[in-house]
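Enquirer: Mind looking over this structure? Questions follow.
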């Protein structure tokens, strides 16, 4: 894993699994594919402890993070759907020694990441061909997907 800039810890936190990875924000495709790890949320008493475990496992240090949460994010707090974790942004940032931590809804995170998709990341549905966008470029997108609680 080669990072040109200090890594950002990114996470997808669901009711069943927590997926962590490192991102290099100086790259066009920032996600470091070889850094992705998945853990059962039931194995950890808190998100902070799961994140600490991940950082120890990959031997990395981060000072910033963005965590996408399957549930409601309200100010400093996020509640996971179908799991008892209640996440405090400020307490988790303090526990991890982060200068900056953002909690966002998981579907909001997917919408924000669309402009980072590369043609090989996309499966065409219907007749229109994929035209990649650029960060900050105004475009219309739809984010549709199953998540925690489907069915």
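Enquirer: Nearest 10 degrees is fine. How inclined is helix 47-58 to the longest principal axis of the chain, computing both from alpha carbons?
Expert: It works out to around 80 degrees.
Enquirer: Further question: So how far apart, in nm, are the two label points at residue 53 and residue 77 if each is 7 Å from Cα heading toward Cβ?
Expert: Inter-label distance under the simple model: 2.5 nm.
Enquirer: Please state, rounded to one decimal and in Å, the Kirkwood hydrodynamic radius that the chain gives when every pair of distinct Cα atoms enters the mean of 1/r.
Expert: Computed over Cα pairs of the chain, the Kirkwood hydrodynamic radius comes out at 16.4 Å.
Throughout, read-outs are computed from the coordinates displayed, never taken from laboratory work. As the structure is a computational prediction, the values presented were derived from the model and not from experiment. Reconstructed Cβ throughout: ideal geometry from the backbone, glycine too, with neighbour counts over all protein chains shown.
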